[in-house]
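One structure coming up, written as structure tokens, with questions to follow.
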Amino acid sequence: MTCHEPVWRLLGHVLLKQGRMAIDDLRNVPRYLLHALTGVALVCGLLSLWGLHGDGAMPSMSPLCHLDPYRFSSVRCIANETATKARWNGLAPALAILEQVNPAVAKWVREKHGKGLLAFGDESQTTGEVGDALAKYDTFRGRVTVNPALFSENDGNIAVTLCHEYRHSRQNLGKFCQYVLSFLFVRGGDLSVIENDAVIYEQEAHSAIFGNGRSRERELAAWEHAARALDQNGKH
């Protein structure tokens, strides 16, 4: 090829060379894909083995005695102007229930508060973290975020929710990583990977606190009592 060769012939040689390189790359795509799938399968297998290691023995539940789980003790804590300290104090009735039903969970909640790892969802540093959930455990930071809407629940349900989050805190990191990896295969991720254990533990707590059945009458009476108390406080 000389320097007097037409420009279009130079351009043709360049395009031909680039085309051959592209074809060679396309031939390598199946090999690259196979390597990627093998790597993903290996990671999934290792995470499954890690998850099968288990989370250790969970603290058992004991039946609740002499406390009313249907009582709405802390509805006032829903208000936006409620101070953090008041909301922490608003958890006291639920913690009293847990002291009977599952002291390990009560101790865990108090330890989180003592270490500054228990926050409420409308605080500036946690805005938007809870969403529609009544509470959320952050695996990486070890922090519990409580949605103020949780205080619209009765004392028993607040205690049940705290048991749910405690169970999340006991899950090994391998299981959480499996959940993160599930986003590659399932739109929105497979939440059951981490939720099944917590839901089962939550059901155990619910049975211990409320017994085998749910009393609509007691629930309605508790609501009426809470509404009257709020009305009287509003008038004062």
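The values are calculated or read from the model by the stated rules, or taken from the named source; none is laboratory data. All of these numbers come straight from a predicted model, not from anything done at the bench. Ideal geometry is used to build each Cβ from the backbone, glycine not excepted, and the neighbour counts take in all protein chains shown.
Looking at region 82-96, can you tell me whether even one residue there is more than 20 Å from Ala149 (Cβ to Cβ) and at pLDDT 95 or above? So that I can check it myself, show each step before the final result.
So the first thing to find is which residues in region 82-96 are more than 20 Å from Ala149 (Cβ to Cβ), and the list is 96.
Narrowing further to those that are at pLDDT 95 or above: 96.
Yes, the conditions are met somewhere in region 82-96.
All but one of (1) farther than 21 Å from Trp108 by Cα; (2) part of a loop (DSSP other than H, G, I, E, B) hold for Cys77; state the number of the condition that does not hold.
(2)
Quick check on region 206-228: of everything there that is of a type in the set (Gly, Ala, Ser) and touching a Lys or Arg at 6+ places or on another chain (Cβ under 9 Å), which residue is nearest to Ser60 (Cα to Cα)? Explain how you work it out, then say what you get.
So in region 206-228, the residues of a type in the set (Gly, Ala, Ser) come out as 207-208, 211, 213, 215, 221-222, 226-227.
With touching a Lys or Arg at 6+ places or on another chain (Cβ under 9 Å) added as a condition, the list becomes 222, 226.
Values: Ala222: 28, Ala226: 31 Å.
Per the stated criteria, the residue is Ala222.
Check Ala205, Ala226 and return the single one that is surrounded by 13 or more Cβ atoms within 10 Å (Cβ to Cβ) and modelled with pLDDT of 80 or more. Steps first, answer last, please.
Working: Ala226 fails: modelled with pLDDT of 80 or more.
Going through Ala205, Ala226 in turn, the sole match is Ala205.
Here is a follow-up. With the checklist (1) under 21 Å from the mean Cα position of the chain (by Cα); (2) loosely packed, with under 14 Cβ neighbours inside 10 Å; (3) among the polar types (S, T, N, Q) in hand, flag the one item Asn102 doesn't pass.
Failing condition for Asn102: (2).
Right, Gln178: in a helix (DSSP H, G or I), at pLDDT 95 or above and either surrounded by 16 or more Cβ atoms within 10 Å (Cβ to Cβ) or among the hydroxyl-bearing types (Ser, Thr, Tyr) (or both) or not?
Numbers: in a helix (DSSP H, G or I): yes; at pLDDT 95 or above: no; either surrounded by 16 or more Cβ atoms within 10 Å (Cβ to Cβ) or among the hydroxyl-bearing types (Ser, Thr, Tyr) (or both): yes.
No, not satisfied.
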